[in-house]
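The structure appears right after this line, and notes come after that.
The values are calculated or read from the model by the stated rules, or taken from the named source; none is laboratory data. Everything numeric here is computed off the predicted structure, so don't read it as measured data. Here the Cβ positions follow ideal geometry from the backbone for every residue, glycine too, while neighbour counts run over all protein chains shown. These accessible areas exclude ligands, DNA and RNA; they are computed on the full protein's heavy atoms, side chains included. Shrake-Rupley method; radii C 1.70, N 1.55, O 1.52, S 1.80 Å.
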Amino acid sequence: MRSIQSGTHIHEPLVILGPGLRVPRIRGWVLSCINDNATRQRWVNMSRYNHREVEPKWRGRWAAANIDRALAPEEARGKPKAYILEMFPYPSGRIHVGHSRNYTMGDVIARFRRANGYNVLHPMGWDAFGLPAENAAMERGIHPKGWTYDNIAAMREQLKLLGLAIDWSREFATCDASYYKHQQAMFLAFWRKGLVYRKKQKVNWDPVDNTVLANEQVVDGKGWRSGAPVETRELEQWMFKVTAYADDLLAAIGGLDKWPDKVRLMQSNWIGKSQGAKIWWDIASVPEELRAMSPATGQSHARDPIEVFTTRPDTLFGASFLALAPDHPLTKTIAGFRPDVAKFIADCATLGTSEADIEKAEKVGIDLGIRVKHPFDPTWELPVWAANFVLSTYGSGAIFGSPAGDQRDLDFANKYKLPFKPVVLPHGADAATHAITDEAFTGEGVIYNSHFLDGLSTKDAIARAIDELVKREAGEATTQWRLRDWGVSRQRYWGCPIPAIHCAKCGVVPVPEKDLPIQLPEDVTFERDKPGNPLDRHPTWKHTKCPTCGGAATRETDTLDTFVDSSWYFARFTDAQNETAPFDKKLASYWLPVDQYVGGVEHAVLHLLYARFFTRAMRDCGYLDLPSGEPFASLFTQGMVVHETYRATRQVLKPPSVHQDQRGKWVIRGTTVEVTPSTPAAWGGDPADVDRAQRDAFKEFKLPPTWLTPDQVDSSSRPPVIMGTDIPVSVGPIEKMSKSKKNVVDLDAFVTDFGADVARWFVLSDSPPERDVEWTASGVKGAWNFVQRVWSLTEDHVEKFGKQGGSASPPAAVGAAHALRQLTHRTI
Amino acid sequence: MARCYELVNAIAKLKGEDAASVFARREALRTLSQLIAPFMPHLAEECWESLGGEGFVATAPWPVADPALAERNTVTLPIQVNGKKRGEIEVAKGLPQKDVEAVALAHEDVKRFLEGQNVRKIIVVADRIVNIVAN
Ligand SMILES: [Zn+2]
């Protein structure tokens with residue numbers, strides 16, 4: 001057995017190399033599934049079709065004839081246009097078979113449209129800014145730029161192997177200065193239009209990675225990458241005014257009839273419009289300390305009513321308490337003289353700011369010692385608490401708790417023994433016996449226990465309660481949005497520089513357009529122990545002159561969220577080589593909207609929402625003629641390719657199954673093994689007496705618990721074993737192909753062995769396209785057999801009857817021949 | 001994709017070397033290469049070229065079905081013996097009554113059921129049903 005370098009693939013030579021055999025190497029793991037000799041022989045003998053010659057030949061001919069080029073509108077001569085786009089990849093390094101499904105699906109649609117007479121635009125590019133490049137730089141001392149472009153080069157070759165009908169003349173990477181130059185210009189245009197502003201904002205701060213994290217990047221209160229507990233900080237952030245389009249972004253979802261319902265629902269929920277009321281609760285009493293510190297006139301926490309937003313004013317008579325967000329101004333003021341409240345706020349700050357985090361956490365609170373008067377009954381006083389489940393970003397950061405109608409409020413009231421009564425009677429329930437103990441009733445019904453609202457339906461009671469609030473000047477009707485403006489500042493090097501300058505005299509000044517692009521400096525250092533943004537640390541880059549007053553000033557060192565880069569790339573593809581503008585207005589207006597967009601459902605919310613916002617903003621800044629502002633007419637979210645996962649459990653090994661690779665590492669089938677060196681005591685004697693081999697025999701080898709690639713595993717036996725050994729492997733759940741679980745099948749190795757067509761056919765077969773497809777050896781074999789069969793039938797026919805064999809016009813067909821003709825035409 | 005498998009099976013089944021069979025097979029193979037082209041573009045080009053196709057199959061116009069051939073022109077007729085359904089046959093639409101009777105009587109299950117009985121009468125309602133009266 002030869003030793004295998006860690007990370008390389010295992011190639012098993014095929015048993016028999018007959019004249020018909022043109023596939024000398026087949027992946028061990030597939031072979032192992034077809035491990036009976038006769039079956040293997042039959043399979044091999046069928047290999048008449050040599051994909052290794054055929055596939056590169058046709059790719060070369062297609063490229064030479066330039067058949068994948070999209071035609072300019074004036075060349076199209078009446079052909080309708082079809083813009084087919086797959087979500088462009090992040091250049092992470094290599095493409096595995098799991099990724100290929102996305103591109104293959106788009107390609108099938110593009111090829112089908114072309115055959116049907118469309119002028120097809122099917123481009124490809126790279127979503128190339130982002131954190132992994134900086135992490136690679138820190139961990140391996142490679143510059144993010146070099147790392148990114150190397151990966152792009154490798155992945156481009158892999159994608160080309162798939163035979164995708166892509167117009168490569170339009171390729172770009174978002175980290176090309178020729179791309180982000182236009183993004184900077186667009187940023188300035190949005191700024192002029194009032195769609196960009198700066199705001200102090202509470203952010204999730206990762207103290208280890210020294211960066212702001214999006215809510216989605218906070219997992220259980222910890223940074224998704226560093227695992228460090230996340231802190232909350234206030235930072236001046238650049239914001240995009242997404243909420244300027246809130247109404248339209250919501251209303252237009254109704255017209256996106258070629259989007260999956262699931263995605264439309266997710267978009268609606270994210271925007272989250274709710275109708276309700278603002279209610280002002282008058283202060284009844286406050287702690288003495290608060291009264292003492294309040295000014296005699298003007299705004300005062302001791303006197304000003306507390307504003308609350310609710311969607312259910314019909315349940316006002318069921319109110320039991322008010323709850324404020326931990327960072328509500330009133331909570332913070334009280335913390336000034338109450339250490340227990342200060343501690344409570346600090347504890348909540350480690351929780352993470354996302355709704356999901358807050359939803360998961362136990363509901364806790366603290367009584368702030370304030371009492372307020374009920375808006376409908378001034379003699380009724382309610383306590384004011386601070387609670388961790390109240391979001392400061394929703395409404396005014398304060399709610400009234402109506403425990404019988406809301407599970408969180410009920411849990412809270414029960415925990416702190418706050419009294420409450422039910423006010424909504426479910427249809428058919430008896431008012432005398434209906435009671436709420438542990439389970440809230442959140443539905444609609446008839447209002448009772450509620451004075452002038454008694455007997456009304458939920459809907460009528462909401463209207464009546466709002467009327468009454470207005471009459472008493474205690475509230476008003478209002479609309480709330482869950483959608484927030486988009487904070488785009490990132491304290492990162494590998495992103496698009498924000499074209500702004502800070503001047504002590506003039507404030508924040510836009511970079512003049514003639515000075516664009518503001519390019520990233522390349523001489524930067526990445527070191528774990530030097531916190532913060534390398535742009536900020538750079539000795540000269542940020543120092544510049546103020547464009548307004550000419551005085552010394554500094555550049556903005558924050559870069560744009562990479563979601564900005566992917567919010568307009570689809571428009572750039574319509575005119576990718578344009579040097580003076582992001583794209584020509586006519587070209588973009590001809591090609592947009594994208595007719596078919598294909599991508600993962602994991603982007604169903606943010607990417608699509610931001611792209612929809614950006615398209616509207618581009619339209620309103622005059623870049624685009626697209627009245628709807630909708631970038632993607634039809635959306636398809638494809639399922640993943642999944643595979644069994646394999647895991648070796650910790651076990652003791654013996655040579656010779658363990659051996660040293662070329663670098664001297666002890667490995668078994670490419671997996672590094674833990675070695676405890678042998679001691680002289682173990683083999684008893686003078687090192688001079690014992691040769692190396694003997695000493696090795698006394699070493700202790702342990703296989704650490706580790707994920708194994710399908711290549712390393714012989715899955716024909718159950719339980720599977722590490723290829724070529726009898727070391728058992730445990731089979732884990734079938735999961736999405738991912739590097740960390742090592743259940744990936746590398747694309748170019750697969751294409752070399754089986755061909756692109758087998759990969760393409762397989763990833764599209766066997767399951768509905770929106771569902772996951774499991775990568776199995778038998779499935780691959782099925783696709784392989786189909787390719788061979790189609791070729792054999794064709795070759796046999798041509799050998800017997802020639803290229804043009806048979807008559808030109810159909811002879812009178814009867815019986816079986818007629819039936820085949822019928823089937824042929826029916827299949828079309 | 002399932003339809004492609006079906007077509008491949010049908011092509012493999014037609015073994016005849018008469019002009020009509022050769023024509024039908026060649027037409028089916030050419031069409032197949034066009035239908036699989038979006039999925040397996042390399043194989044499709046190789047097949048298309050072997051079959052004398054012009055240019056690339058990738059840029060060839062999508063095949064157009066002949067409606068006369070694509071139309072389903074067979075019907076499925078239930079066969080009743082003494083009022084009970086005993087089988088089904090598939091025949092061309094408008095097949096003459098005599099031919100329908102012959103096909104119905106040749107049906108395996110019907111034959112077995114009629115064993116030892118005399119067929120008194122066969123009523124064929126064109127393209128709908130076959131009724132056999134026997135005792
Ligand atoms: Zn200045």
Just to check I understand the Karplus step: with θ = phi - 60° and J = 6.51 cos²θ - 1.76 cosθ + 1.60, what whole-Hz values come out for segment B:90-106, glycine and proline as x?
10, 9, 5, 4, x, 4, x, 3, 4, 5, 4, 4, 4, 5, 5, 5, 7
Geometric extent, Cα atoms of segment A:105-261 - Rg, Dmax (angstrom)
20.4, 57
Within segment A:524-605, which GluC sites (Glu not before Pro) sit in a loop by DSSP and count at most 12 neighbouring Cβ atoms inside 10 Å?
A:Glu527, A:Glu579
Relative contact order [Cα under 8 Å, 6+ residues apart], segment B:2-70, whole percent
24
Given the C-alpha centroids of segment A:243-310 and segment B:9-36, what is the distance between them in whole angstrom?
68
Would you mind working out the accessible area per residue for chain B, using a 1.4 Å probe, and quoting it in Å²?
51
Provide the solvent-accessible area of A:Met239, counting protein heavy atoms only and rolling a 1.4 Å probe, rounded to the nearest 10 Å².
0
In whole Å, what are the Cα extents of segment A:458-534 along the three principal axes, biggest one first?
67, 34, 22
14 Å Cα-Cα reach of A:Lys193 towards aspartates and glutamates, excluding residues that sit fewer than 8 places from it in its own chain:
A:Asp620
Cα-based Rg and Dmax for segment A:450-590, in Å, come out at 25.4, 74
Can you tell me which lysines have their Cα less than 30 Å from the Cα of A:Lys373? Leave out same-chain residues fewer than eight positions away.
A:Lys273, A:Lys278, A:Lys332, A:Lys343, A:Lys363, A:Lys415, A:Lys417, A:Lys421, A:Lys459, A:Lys471
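If you take the Cα atoms of segment B:2-70, find Rg, then find the Kirkwood Rh from the mean of 1/r over all pairs, what is Rg/Rh?
0.96
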What are the principal axis extents of the Cα atoms in segment A:234-384, in Å, biggest first?
61, 37, 33
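Under a 1.4 Å probe, what is the accessible area of segment A:490-576 per residue, stated in Å²? Please report the intermediate quantities before stating the final value.
Numbers: 3580 Å² over 87 residues.
Per-residue value: 41 Å².
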Sequence-separation-based contact order of chain B, relative, with Cα cut under 8 Å and 6+ spacing, percent:
17
Mind listing which trypsin sites (Lys or Arg not before Pro) in segment A:519-628 are in a DSSP loop and have 16 or fewer other Cβ atoms within 10 Å?
A:Arg528
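What per residue convex hull volume, in Å³, do the alpha-carbon atoms of segment B:74-134 yield? Present the calculation step by step, with values, prior to reporting the outcome.
Values: hull volume 3.9 nm³, N = 61.
Taking only Cα atoms, segment B:74-134 has a hull volume of 65 Å³ per residue.
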Reach of A:Lys160 by Cα under 25 Å, taken over lysines that are not fewer than 8 positions away in the same chain
A:Lys57, A:Lys81, A:Lys145, A:Lys736, A:Lys739, A:Lys742, A:Lys781
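Calculate what fraction, in whole %, of the accessible area of segment B:2-70 sits on carbon and sulfur atoms when a 1.4 Å probe is rolled over the protein chains.
Whole-percent figure for carbon plus sulfur exposure: 57.
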By accessible area (1.4 Å), largest first, B:Val103, A:Val524 order as B:Val103, A:Val524
Using alpha-carbon pairs under 8 Å, 6+ residues apart, how would you state the relative contact order of segment B:49-120 in percent?
20
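Over the Cα atoms of chain B, Rg to Rh with Kirkwood Rh, two decimal places? Each step should come with its number before you reach the end.
Working: Rg = 21.5 Å, Rh = 18.2 Å.
Looking at chain B, the ratio lands at 1.18.
Among DSSP beta bridges whose residues both lie in segment B:74-134, state the antiparallel percentage, nearest 5. If you can, show how the numbers build up before the last one.
On the way: 14 of 17 bridges.
So the antiparallel bridges amount to about 80 percent of the total.
GluC sites (Glu not before Pro), restricted to segment A:394-479: which are DSSP loop and have at most 12 other Cβ atoms within 10 Å? List each step's numbers first, then the result.
On the way: sites: A:Glu439, A:Glu444, A:Glu468, A:Glu473, A:Glu476; in loops: A:Glu439, A:Glu444, A:Glu473.
Qualifying residues, ordered by number: A:Glu439, A:Glu473.
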For A:Trp591 the rounded accessible area (nearest 10 Å², probe 1.4 Å, non-protein molecules ignored) is 0
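Return the ratio Rg/(2.2 N^0.38 Å) for segment A:362-446, where Rg is computed over Cα atoms only. Display every interim value, and only then the final one.
Details: Rg = 14.0 Å, N = 85, 2.2 N^0.38 = 11.9 Å.
After normalising by residue count via 2.2 N^0.38 Å, the value is 1.17.
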Accessible carbon and sulfur surface of segment B:74-134 relative to its total accessible area, %, 1.4 Å:
48
What total accessible surface area, summed over both chains, is buried at the interface between chains A and B, computed with a 1.4 Å probe and given in Å² to the nearest 100?
5700
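Could you state the accessible area per residue of segment A:268-397 in Å², with a 1.4 Å probe and every protein chain left in place?
Numbers: 5390 Å² over 130 residues.
Solvent-accessible surface per residue comes out at 41 Å².
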Label model pair B:Trp62, A:Asp261: point-to-point distance (7 angstrom along the Cα→beta-carbon line) in nm is 2.7
At what distance in angstrom do the alpha carbon centres of segment A:98-127 and segment A:355-420 lie from each other?
53
Selection from B:His42, B:Ile89, B:Val64 lying farthest towards where the dipole of segment B:29-135 points positive, charges on Cβ:
B:Ile89
Nearest-10 value in Å² for the accessible area of A:Ile436, using the 1.4 Å probe:
20
